[in-house]
Amino acid sequence: MKKMATAFIICLLLANSSFSQVKITGRVHSTEGVPLARASVLLLNPRDSTLIKGVVTDQSGVFGFDNILPGTYLISASYAGFDPVYLLPVEVSADKNLIDVGVISLSPTSELATVTVSAKKPLYEVKIDRMVINVATAINFTGISVLDVLQRSPGVVVNRINNSLAINGKDGVIIMINGKRNYMDMAAILEMLAAMPSGSIEKIEIITTPPAKFDAEGNAGIINIVLKTNDQFGTNGSYTLTTGYNTGSRNAVSMNINHRQGKINLYGNYSFSDAHLEQRWNIYHAVYNAGNFNENYSADDRHGNMLFNNIRAGLDYEVNNKTVVGVLFTGNYRKWTMTSNNNAQLLVNGVKDTALTILNTELHTTLYGGANLNFQHTFKHEEKITFNADYLYYSDKNPNSYLNNYNDAKGNFLYSENVRSSKNTPLRFVILAADFSKKMLKNTDMESGIKLTNSDMTNDISVSNFLQPNWIVDTSLSGIHMEKETIAAAYSTFTVKFSEKNSMKAGLRYEYTHTNLSSPSEPDLVNRKYGSFFPSFYFLHSFKEGSSINLTYSRRIYRPSFSDLAPWVIFLDPKTFQTGNPFLQPSFTDAVGLSYTLKNYIASLSYSYYSPSMINQPKLDSTTNKLVTSTQNSKNARYASLDLTLPFTLARWWNMQNTLSFNWREANAFYLSPVTTRGTGYYFNTVQSFILPKDFSVSISGYYNSASGWGLYTFKGVGSFDAGMQKKFGKKRSTLTFNVTNILNNDKTIMSAAIPSQNLLLTERFLYDRTGVSVSFTHNFGIDKVKGKRERATGDEDEKSRGY
């Protein structure tokens with residue numbers, strides 16, 4: 001493998017050495033000498049002003065055109081709020097490798113003192129390795145939670161009962177916030193996203209083919225949630241107030257503020273939400289045993305209230321024009337209180353045998369805190385090193401009480417049970433990372449890095465029954481488990497631009513993992529050590545008229561989480577349980593993709609192979625009809641999809657954004673004997689945007705995800721239809737939005753597993769939301785005139801704001 005990697009690097013360097021085109025560089029400043037970051041610089045044909053190439057300036061106002069053939073060119077520079085500038089024709093000859101055109105000075109427009117800058121981004125932007133959803137621009141995404149936004153995002157499927165996310169039908173999603181991975185368990189992440197207001201979000205990136213710089217974790221890819229920030233000089237920010245009603249009142253407030261002056265940048269944001277929720281769960285399962293057909297019906301009405309606080313505050317200090325240090329603190333607190341009334345019936349051969357009522361009260365609190373120290377030094381243009389050190393703490397406490405009353409078929413009282421359970425899970429992470437990037441040759445960029453992650457978790461589950469006068473611990477359902485995990489990683493990525501039409505990005509990542517799961521009685525319940533290579537590859541070929549073709553390949557891993565491994569037990573009713581699987585193995589995925597882009601239209605094909613796969617699987621006890629759900633390994637799985645992005649502009653006032661996906665799936669699982677499931681499905685999402693006079697706008701959106709399946713489960717089709725109206729006023733610094741979600745009241749989850757030949761009959765229905773309405777007010781304050789801004793990279797991803 002070392003020889004192969006060495007040969008790979010040598011081949012890249014040799015390939016690079018055969019090109020001798022010229023590079024044109026320069027800088028864009030204001031007339032006051034302030035570098036203008038992200039200014040647009042265009043290389044034009046002087047005869048007809050046709051575009052040859054376009055770039056944007058970096059944080060220092062520097063731009064560069066690589067691989068320019070000899071000839072005569074025209075250069076233009078522009079920046080919002082400034083008058084554009086055109087340079088006299090630039091002569092490029094083969095005897096010079098580098099041409100520096102110097103500083104291009106831009107003058108503010110005369111209306112700058114009275115005109116604010118506003119630019120509306122498209123809802124969906126498709127890039128080489130990801131789809132970007134600009135949440136802040138979408139009317140229909142206001143007044144709801146971030147989890148609701150994800151559920152309405154193309155290709156994303158949210159399964160709240162199994163605590164899972166899927167992208168294009170593939171499980172194993174990693175959540176990042178502002179470019180940094182969130183290490184909480186997926187169940188806790190979904191709870192956090194369900195409480196986080198959409199008003200605090202700028203955009204969401206769905207990264208289906210992550211490059212080698214990212215952790216190899218996540219079979220399906222990465223969802224990066226980018227919070228609202230403001231990078232302009234002075235003091236500025238925005239706040240959003242939301243009130244609404246769904247199954248109960250829902251209120252939220254969010255605010256972000258930034259102060260940038262001289263060498264210091266202070267920033268932060270805060271969000272709070274208070275939601276009253278009404279949920280309904282229906283579970284049915286049945287088995288044949290000793291000639292009898294035993295059925296269990298359960299209807300659970302859940303009345304909950306969720307409070308959520310999230311805060312983020314940081315400081316960046318520019319030591320000099322090459323060195324930046326920063327510190328960031330993050331934290332959130334979630335409190336969920338719930339009372340549920342569960343009515344269950346046990347039938348034998350269609351005749352009611354026993355009735356059960358369960359009164360459940362629950363308190364579930366989570367606390368998250370993190371600190372990040374960042375150091376970045378730029379040696380010279382396009383060469384820098386970054387160090388990051390993170391400490392993260394997470395606590396999950398979940399006490400429950402159950403009062404179970406049993407009645408016979410005629411309704412006569414039989415007996416009662418008083419049960420209580422508790423869950424206490426503290427989790428700590430220490431993360432160290434270093435990244436180095438450099439332009440090795442004129443058309444070759446290199447990036448390398450190392451990372452070390454140490455985690456330490458304890459999970460204390462206790463279930464007790466009240467037998468007067470004492471509480472007696474049920475040892476079969478209780479236990480303490482500890483997990484320690486170390487992941488060491490190193491990566492290198494090379495980006496080579498062979499010509500104006502052809503470019504390639506290739507990377508290789510190595511990760512070594514040591515996982516130890518123990519209990520007081522078993523010190524090595526799981527003790528696993530393994531190392532793996534994870535290659536990634538991208539090739540882009542551009543045609544004329546804005547069209548291109550892109551080929552991708554990546555290898556990923558999905559490691560079992562602590563809750564997947566630990567043999568704890570949590571029960572929904574006396575015959576419905578969830579537990580872990582200490583024998584679970586990690587899943588590896590190989591994925592290839594091919595996409596074609598024509599202007600804003602995109603068609604892409606993808607294929608993924610999982611071996612072994614990890615699926616959430618039910619297990620019915622044929623004697624007791626108890627349902628136990630846990631994550632299991634299956635032999636393998638395959639998934640293929642065709643995805644289309646189809647935007648249309650029907651009129652100046654009417655834009656339409658459509659996404660359409662067709663998929664095929666196959667899973668080779670095991671129940672009592674091998675089971676192979678296959679199926680096809682489709683997904684459709686449309687957003688209709690209408691611009692009306694006097695700064696009014698209307699948006700109508702909807703999605704439908706057809707019947708699908710994964711493992712032993714099949715899912716019925718689900719969809720939603722939303723509409724909203726927005727008004728801008730106060731020189732467009734303020735907006736008022738009215739939104740209606742789930743208008744048809746059909747956004748519900750229905751899943752089943754039916755293999756009668758293996759004695760498995762199961763149906764689960766979950767209703768989380770009904771038709772809801774909300775009103776949101778957003779106001780931008782402070783200095784909103786465009787000025788120069790300073791940006792820097794973090795240890796996780798360039799061009800991202802810092803976060804946890």
Discussion item. Report, in listed order, any pair from K384/K505; K180/K228; K439/K501; K228/K716 with a Cα-Cα distance greater than 25 Å.
Written reply: K228/K716
Response to the item:
Here FRET efficiency (C-beta to C-beta, T714 to V430, R₀ 35 Å, nearest 0.05) is 0.25
Item to complete: Among G179, T242, A212, flag the residue with its Cα farthest along the positive direction of the charge dipole of the stretch 168-258, charges on Cβ as +1 for Lys/Arg and -1 for Asp/Glu.
Response: T242
Item to complete: Work out, step by step, the length gained on full extension between N289 and N412: first 0.36 nm times the residue separation, then minus their alpha carbon distance; give nm to one decimal.
Response: 41.7 nm
Worksheet item: Can you give the charge dipole size of the stretch 601-703 about its Cα centre, rounded to the nearest 20 debye, using +1 on the beta carbon of Lys and Arg and -1 on the beta carbon of Asp and Glu?
Response: 140
Response to the item:
So the FRET efficiency between W653 and V56, C-beta based with R0 = 25 Å and rounded to 0.05, is 0.25
Worksheet entry | Reduced Cα scattering model of the chain, Debye log10 I(q)/I(0), q = 0.08, 0.09 Å⁻¹ | -0.74, -0.93
Worksheet, complete the sentence: The aspartates and glutamates whose Cα lies under 13 Å from the Cα of K529, excluding any fewer than 8 residues away in the same chain, are E485, E511
Worksheet item: N745 to L367: extension gain in nm, 0.36 nm per residue of separation minus the Cα-Cα distance?
Response: 132.8 nm
Item to complete: Please give the calculated 222 nm ellipticity per residue for the chain, where each DSSP H segment of at least 4 residues contributes -39500 (n - 2.57) and the sum is spread over every residue; nearest 500 deg cm²/dmol?
Response: -1000 deg cm²/dmol
Worksheet item: Name the residues of the stretch 374-399 whose amide N is less than 14 Å from a point 7 angstrom out from the Cα of V327 along the C-beta direction?
Response: 374-375, 389-391
Worksheet item: Using a basic spin-label model with each label point 7 Å from the Cα along Cα→Cβ, how many nm lie between F670 and N309?
Response: 4.9
Worksheet item: If ligands, DNA and RNA are left out, what is the accessible area of T208 with a 1.4 Å probe, given in Å² to the nearest 10?
Response: 60
Worksheet item: Roughly how big is the chain's charge dipole about its Cα centre, with Cβ charges of +1 (Lys, Arg) and -1 (Asp, Glu), in debye to the nearest 20?
Response: 1400
Discussion item. Run the reach check for K727 against aspartates and glutamates, Cα to Cα strictly under 18 Å, same-chain hits fewer than 8 apart removed. What comes back?
Written reply: D695
Worksheet item: Which entries of K352/K619; K23/K599; K484/K748; K322/K728; K322/K732 show an alpha-carbon separation above 30 angstrom in the structure shown?
Response: K484/K748; K322/K728; K322/K732
Worksheet item: Just going by the charge dipole of the chain, with Lys and Arg at +1 and Asp and Glu at -1 on Cβ, which of V351, I472, G71 is farthest out on the positive end?
Response: G71
Item to complete: In nm, give the distance between the simple-model label positions of A80 and Y607, each being 7 Å from the Cα along the Cα-to-Cβ direction.
Response: 4.3
Item to complete: Show which aspartates and glutamates lie in cross-link reach of K626 when reach means a straight Cα distance below 15 angstrom and same-chain residues fewer than eight apart are skipped.
Response: E295, D573, E764
Worksheet, complete the sentence: Under the 7 Å Cα-to-Cβ spin-label approximation, R420 and I755 lie apart by a distance in nanometres of 4.0
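The values are calculated or read from the model by the stated rules, or taken from the named source; none is laboratory data. Computed from a predicted model, the values in this text were never measured in an experiment. A quick note on method: Cβ atoms are made from the backbone with ideal geometry, for glycine too, and the neighbour counts reach across all protein chains shown. Areas reflect the complete protein model, heavy atoms only, side chains present, ligands, DNA and RNA absent. Shrake-Rupley method; radii C 1.70, N 1.55, O 1.52, S 1.80 Å.
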